[in-house]
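Contents: one structure, followed by commentary.
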Amino acid sequence: MDEPAFAPLDRSLQTRPVMVEWTLERKRNACLWGPISPELVRADTQVIERPGWYQTITPSTSGTCNEVVLSQVEDRDAERVIDETIATYRAHGLPTKWCVGYWTRPEDFGERLARRGFESWAVRGMGCSTSLELSAAWDIAVRQVNEQGLERHLAVVMQGWGVPPTELDVWRGTYLARLRAQPCVNYYFEALLQDEVVGTASLILRGDSAYLMGAQVLETARGRGVYRALIRARLEFLCARGIEYATTQAREATSAPRLQHLGFETLFESKCYLLGA
Ligand SMILES: CC(C)(COP(=O)(O)OP(=O)(O)OC[C@H]1O[C@@H](n2cnc3c(N)ncnc32)[C@H](O)[C@@H]1OP(=O)(O)O)[C@@H](O)C(=O)NCCC(=O)NCCS
C-alpha cells in the first residue's frame, strides 16, 4: 500500500497532562477536536470514523450531527468520495455539510465542492484562556440548567434556533441523557433578563480544555450584552474547575468578530459547505 502523502491527524494532543504549555498547535488541536465526541452525537447517529475521516449521519434531524468534519483522501479518490457522500445523505433525504480547513486533503477540496454547487460560509477556530476577565451588564443573570428547568430552557433553544416542534421529543431525550450522564461533560446555561430566559448556550468538557457551543440570543434581546454574559459565565465555570483553555468554532458572519472583540484569539480559518438534499 502507498504511504499516505500527509501526516495523520493527531488526536493524542488532546489528552496531554495539565502542565503542558498551550502552544498554537495544541490550541488548534483542542479547537478542531472539540466538537468530535461520542458525547455529542444523537441516539440514532451513525459515526464513520477512521484515520483521516470523521463523519456523522443522523436520520432523526437535518440540523445537527450530519456532516463530514474531517476528510483526508488521496487526490485521485476525491471526486468519487464526494459522489458517494452526497448519495449517502440524499438516501436519507438530508443535505450534505462538509467542513474544510487546514486539515483537509487534497488542498483544493473546497473548490471541488463549490464546483458542484455547494454554498459556503466562513468559520474561525477561536480560543481564549478561561482566566479572561469580562464585565457583564448588571441586569443580565446567567444560570446553569438542570432537569427541573429543562422544558423552559428547551423552549427558548428551539425558538432561537428555529427547530421544528416535531423534533422536541428527540431534543428532550438528548438533553436529558446528557444531563444524567456520569461523568457529566455537557453543561447548559441560560441568560435571563427580568426573569425571562432570553439566551442559551452550552459547553462540553474535553480533558484540560472545553469547547463552547450553541450560543444564541433571542432577537428581541440582542445588542444588550447577553452573549457577553453567556461567554463570561462559561469561562468562570471552567476556570473554577481548573480548565485552562476554551475553544469554539465561530461563524464569521455572526459570532467570530464578537468573540475577537471580547478577547478571543483566532486559531485557524476554515469553511463550511452545504448542498441541499
Ligand atoms: C451572535 C449573537 C449570539 C450575539 O448576541 P448579542 O447578545 O446580541 O451580543 P452582545 O450584545 O453580547 O455583543 C457581544 C459584543 O460584541 C460586540 N459586537 C457586536 N457586533 C460586533 C461586530 N460586528 N464586530 C465586533 N464586535 C461586535 C458588541 O458590541 C458586544 O461588545 P460590548 O459588550 O463590548 O459592547 C446573536 O446575534 C444571535 O443569537 N445570533 C443568532 C445565533 C448565532 O449566530 N449564534 C452564534 C453562534 S454560531
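Here, each number is a calculation from the coordinates, and none is a lab measurement. Not measured: the values here are computed from a predicted model. With ideal geometry, Cβ positions are generated from the backbone for all residues, glycine too; neighbour counts draw on all protein chains shown.
Measuring r between the beta carbons of residue 47 and residue 261 and using R0 = 35 Å, the FRET efficiency lands at 0.50. Taking label positions 7 Å along the Cα-Cβ direction at both residue 116 and residue 159, the computed distance is 3.9 nm, reported to one decimal. When peptides 104-114, 160-170 are sorted by average Cβ neighbour count within 10 Å, with the highest value leading, the order is 104-114, 160-170. Extension gain, residue 133-residue 181: 0.36 nm per intervening residue step, less the Cα-Cα distance, totals 14.2 nm. Take every pair of alpha-carbon atoms less than 8 Å apart whose residues are at least six positions apart; their mean separation over the length of the chain yields a relative contact order of 27 percent. Working from label points 7 Å from Cα in the Cα-to-Cβ sense, the residue 251 to residue 80 distance is 3.6 nm.
Any idea how far apart residue 196 and residue 146 come out in nm if each label point goes 7 Å out from Cα toward Cβ? Label-label distance for residue 196 and residue 146, simple model: 2.6 nm.
A simple charge model with +1 on the Cβ of Lys and Arg, -1 on the Cβ of Asp and Glu and nothing else charged puts the dipole of the chain at about 440 debye relative to its Cα centre.
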